[in-house]
Amino acid sequence: MLCQKCKEKEANTHVKSVVNGEYTEYMLCSECAKAMGYTNIFTDMHSDFSSILGSFFANALPAKSEITRCDVCGSTYHDIAKSGQVGCAKCYEIFIDQLMPSIRRIHGNTTHSGKKPSTFAEEINVKDIKNEKQQLIDKLKKELDDAVLEQNFELAAQLRDKIKEMEESK
């Protein structure tokens, strides 16, 4: 789609605005968007953001002789503190003692306390259903043992069949 202002260049900026209750949308090229004052706040902020995160990790770096490197990506804690970015997932395991105070300071906690993805909720529901089903089977087995002890074989046979049916449908 061409820019709606200059009608020459390819539009790559989508601007939506509501002024006095009136909704408008524009498709602009980057030059026209910049001329109209629409800039990407994140491009100016990228280098500052890394330095801000780096300042959180800048506490007490170890001496050169005791520097530990990640065996996967080769990062050191100094690299992480300087850039504000962890090299790989293994770095969390290797530098856990140094990272946890900073993570706690940044996030306020080290355990998840927010929403969980819907797929996670589905997994939990499946686990709950399996647990409830297993609890019911265990209860029926106890009733089966009691029926056998009381020599109530008719009830025992019914319970045995029900348990077998439930275990096959797992």
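Describe numerically, in nm with one decimal, the distance between label points set 7 Å from Cα along Cα→Cβ at His14 and at Thr68.
4.6
From the phi angles alone, apply the Karplus equation (6.51, -1.76, 1.60; θ = phi - 60°) to segment 27-35 and give each ³J(HN,Hα) in whole Hz, x where the residue is Gly or Pro.
Values, residue by residue: 10, 10, 7, 5, 5, 5, 4, 5, 5 Hz.
For Lys90, what is the net charge nearby, where nearby means another residue's Cβ is under 15 Å from its Cβ and Lys, Arg count +1, Asp, Glu -1?
Working: positive: Arg69; negative: Asp71, Asp79, Glu93, Asp97.
It works out to a net charge of -3.
If a paramagnetic tag sat 7 Å from the Cα of Ile137 along the Cα-Cβ line, which residues of segment 148-165 would have the backbone N under 17 Å from that point?
159-165
Add +1 for every Lys or Arg and -1 for every Asp or Glu among the other residues with Cβ under 14 Å from the Cβ of Leu144, and state the total. Could you put the intermediate results ahead of the total?
On the way: positive: Lys139, Lys141, Lys142, Arg160, Lys162, Lys164; negative: Asp138, Glu143, Asp145, Asp146, Glu150, Glu154, Asp161, Glu165, Glu167.
So the environment of Leu144 carries a net charge of -3.
Read-outs: derived from the displayed coordinates by stated rules, not from any lab. Everything numeric in this text was worked out from a predicted model, so none of it was measured. Virtual Cβ from ideal backbone geometry, glycine too; neighbours counted across all protein chains shown.
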